[in-house]
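The values are calculated or read from the model by the stated rules, or taken from the named source; none is laboratory data. This structure is a prediction, so every number in the text was calculated from the model and none was measured. Heads up, the Cβs are rebuilt from the backbone with ideal geometry, glycines too, and the neighbour counts pull from every protein chain shown. To get the accessible areas, we keep the full protein, side chains included, count just its heavy atoms, and leave off ligands, DNA and RNA. Shrake-Rupley method; radii C 1.70, N 1.55, O 1.52, S 1.80 Å.
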Amino acid sequence: MLCGDFRAMFATDKTIGRAETIEACGERLRSTLCNPRAANMSPASREMCAALIAILSSIISADVCAASLGEGLLREIYSLIVDALMTEPPTAIVRALNEFALAAVVKCPVDAGFQALLGCLNDYTVEYLNDPTSIRHRYTTLIVKCIMRLETKRVSPEVLVEACYDFLVDHPLVVFKGKDDLPLRTIKMSIGNLYKVYKEEFIKVAERQLRGKTADGGAVLSYIRSFESSMSPQRAPVTQQQQQPQQHDAPPTNTSSSTRSTPPPQQLHQQQAAPANLGGNSTSYAEEASPVRARVTAGPTDVAAPHHHHQHQHPSPSTTAHAEEDEDGVLAEMDRMEETFLRARKPETSPDGVKDMYRMLKPGIIQTNAALTAKFEECYNVCTPAFKGFLARRMFKLFNEDPAKVTGFTFPKIIIANKDV
């Protein structure tokens with residue numbers, strides 16, 4: 001009756017489908033679904049939840065209502081859906097929630113939808129990195145599925161660059177070492193999709209958006225440029241150039257030597273494949289994205305193990321690629337470190353630089369990586385004794401004010417030693 005009455009009024013007056021209605025339905029759904037008793041809810045509660053989801057779906061389906069949805073409200077919607085699914089409600093409710101999530105993706109404003117979904121992905125990644133056994137991480141695949149359904153080619157370059165930059169500031173490349181990197185591959189996939197649309201213009205937008213920001217902007221730009229270099233037509237005629245010596249009337253000895261210097265076809269293929277897994281040409285790009293598709297089709301409660309490419313090859317190009325990516329991640333983090341210290345020392349950028357320094361230390365990677373620890377101490381020791389003490393005190397102040405403290409977090413020893421200076 002509730003759903004029927006609403007639809008009758010909504011058919012003649014779309015203004016009742018405003019944000020307040022969505023929030024009210026969402027709160028009622030959350031109170032009913034997001035509790036341990038949801039799996040065994042009464043028939044009346046089940047009927048009410050189905051009616052509320054139907055009302056929300058009706059609102060989302062109206063173009064005038066969907067167009068008014070902002071990032072904040074969409075983020076609340078997706079968070080509600082994931083929280084509700086975690087309680088394992090009845091199958092009919094699960095199906096309705098999945099359909100509602102995908103309907104919201106299709107009808108909502110693309111830029112706001114991408115920002116909301118990446119915000120959810122960021123939240124769930126924080127939980128996973130702090131606790132790899134987090135049950136919420138199982139539902140990351142639902143968020144990734146929604147991002148793919150969103151068609152990231154329609155996202156504006158400015159919004160995508162800013163959102164990806166913010167994600168990589170919170171989660172540098174090195175934090176995914178030895179962990180499920182599905183969120184990172186989703187970022188790469190989104191960047192690659194948009195590069196195919198805007199090409200060189202995308203690079204100009206990224207450079208303009210990231211000007212003056214920390215070295216994590218370099219990670220976004222490096223992804224874009226890797227797609228640029230791999231899709232460049234100059235890479236195609238590699239084998240033709242290597243075969244040119246055979247087209248001239250060279251002496252037999254020179255011909256044989258040039259033939260020996262040309263790698264066998266299998267080896268040549270492996271040489272070209274190694275860097276491609278970092279976000280290379282269209283073939284390797286599809287291979288990079290395929291684990292995402294495999295996880296998504298499995299459903300939100302069925303998460304596959306991390307995928308390893310080309311396990312049957314000897315030697316394995318992916319092993320080399322992953323090693324290079326790990327090294328690049330450490331080097332990128334060192335560049336970010338230098339940039340952050342530089343901004344912290346400049347009076348006009350010091351407040352932002354100090355906050356970036358805390359965000360850089362928060363994941364704990366610097367404290368557990370010997371090379372990064374040494375680099376941090378090197379940058380820190382360049383500062384004057386007074387400024388060292390200032391930085392140490394600010395780090396502890398930001399930690400005490402942080403509402404999302406990381407369990408077991410400790411600062412580098414050099415920060416602790418200068419706390420009372």
Report summary line: Sole miss for LEU52 among (1) surrounded by 20 or more Cβ atoms within 10 Å (Cβ to Cβ); (2) of a type outside the set (Lys, Arg); (3) modelled with pLDDT under 85; (4) under 27 Å from LEU118 (Cα atoms) is condition (3)
Requested in this report: Hey, could you check region 27-38 for residues that are under 15 Å from LEU85 (Cβ atoms) and either open to solvent by 50 Å² or more (accessible area, probe 1.4 Å) or in contact with a strand residue (DSSP E or B) (Cβ under 6 Å, 6 or more places away or on another chain) (or both) and say which is modelled with the lowest pLDDT?
Outcome: PRO36
Query raised in the report: Restricting the search to region 399-408, which residues are surrounded by 10 or more Cβ atoms within 10 Å (Cβ to Cβ) and at pLDDT below 90?
Result: ASP402, LYS405, VAL406
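Report, by residue number, each residue of region 49-104 that is acidic (Asp, Glu) and either more than 21 Å from ARG149 (Cβ to Cβ) or under 28 Å from the mean Cα position of the chain (by Cα) (or both).
Scanning region 49-104 gives GLU71, GLU76, ASP83, GLU88, GLU99.
Mind checking which residues of region 388-421 are polar (S, T, N, Q) and out of contact with any helix residue (DSSP H, G or I) (no Cβ under 9 Å at 6 or more places or on another chain)?
Step one: list which residues in region 388-421 are polar (S, T, N, Q), which gives 400, 407, 410, 418.
Selection gives ASN400 alone.
Would you call ARG138 among the charged types (D, E, K, R) and surrounded by fewer than 17 Cβ atoms within 10 Å (Cβ to Cβ)? First the steps, then the outcome.
Numbers: among the charged types (D, E, K, R): yes; surrounded by fewer than 17 Cβ atoms within 10 Å (Cβ to Cβ): no.
Taking the combined requirement at face value, the residue does not satisfy it.
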Query raised in the report: Looking at LEU160, LEU173, which one is over 20 Å from ILE366 (Cβ atoms) and out of contact with any His (no Cβ under 9 Å at 6 or more places or on another chain)?
Result: LEU160
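Between LYS145, LYS107, which is within 16 Å of the chain's Cα centre (by Cα) and of a type in the set (Lys, Arg)?
LYS145
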Query raised in the report: Which number in (1) closer than 24 Å to TYR124 by Cβ; (2) surrounded by fewer than 15 Cβ atoms within 10 Å (Cβ to Cβ) marks the one condition that LEU74 misses?
Result: (2)
Query raised in the report: Applying the selection to region 357-396, what residues are without any contact (Cβ under 8 Å) to a residue 12 or more places away in the chain and under 20 Å from ALA332 (Cα atoms)?
Result: THR368, ALA370, ALA374, GLU378
Query raised in the report: Since LEU69 meets every condition but one in (1) outside any helix (DSSP H, G or I); (2) among the hydrophobic types (A, V, I, L, M, F, W, C); (3) modelled with pLDDT of 90 or more, which condition does it not meet?
Result: (3)
